[in-house]
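S.K.: I am attaching a structure below and will ask some questions about it afterwards.
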Amino acid sequence: AAFSPDGKHLVFVSTRAAGTADLWTMDLQTRTAKALTSGPGGDFRPSWSPDGQWIAFSSDRASKLPFAHGRWEHLQIVDLYIVHPDGSGLKRLTPHGDFCGSPKWTADSRRIVAYCMTAEQTLDNRRAVPEHPEDTRIISVDINTGAMSELKAGAGVRLKPSLLKGDVLAYIRRDGDD
């Protein structure tokens with residue numbers, strides 16, 4: 001869940017309507033909730049922009065959960081999206097086919113930071129002890145132009161990026177050294 005910048009609303013994930021993980025908003029004064037997204041697939045990890053105009057989230061809505069090469073396990077394919085708090089303007093920001101998760105906004109509400117990996121990496125990186133750990137990427141996406149750039153974050157599996165004051169990048173390293 002994430003609070004709106006003015007603290008009057010909440011965006012959260014719920015399966016209350018059709019059994020899929022969709023985004024909902026709640027007016028905190030009236031406690032009225034309404035669906036923000038719907039449809040096949042799941043929507044996760046909402047993040048409200050500092051200017052209150054957008055909500056970024058991760059979604060597997062366009063994924064058919066393909067199988068890993070030569071394996072029986074499914075791969076996770078997740079894209080980054082934005083939507084206005086009223087449900088309009090839904091837009092995919094990342095090319096389909098990889099995994100990008102945990103979007104966070106820059107202070108100016110113009111870019112989103114997230115971690116990304118290939119679909120094949122999702123299989124190994126979700127194991128307790130990865131057989132072939134590969135570096136994930138921390139990316140920045142301009143929401144107006146779609147331009148993506150990779151941020152310098154060092155080697156290793158880096159998850160859940162956050163931006164501290166002054167857009168200083170922080171993230172969790174999977175090796176246990178948070």
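S.K.: With each label point set 7 Å from Cα along the Cα-Cβ vector, what nm distance links THR32 and LEU151?
M.R.: Computed distance between label sites THR32 and LEU151 equals 3.7 nm.
S.K.: Tell me which residues come under 5 Å, amide H to amide H, from TRP54 once H is placed; ignore anything under 5 positions away on its chain.
M.R.: SER49
S.K.: Related question: Set the Förster distance to 30 Å, then compute FRET efficiency between LYS91 and ALA21 from the Cβ-Cβ distance, nearest 0.05. Kindly include the intermediate steps, with their values, before the conclusion.
M.R.: Numbers: r = 19 Å, r/R0 = 0.64.
It comes out at approximately 0.95.
None of the figures in this text is laboratory data; all of them are computed from the coordinates on show. Quick caveat: nothing in here was measured; it's all calculated off a predicted structure. Using ideal geometry, Cβ is built from the backbone for each residue, glycine included, and neighbour counts are taken over all protein chains shown.
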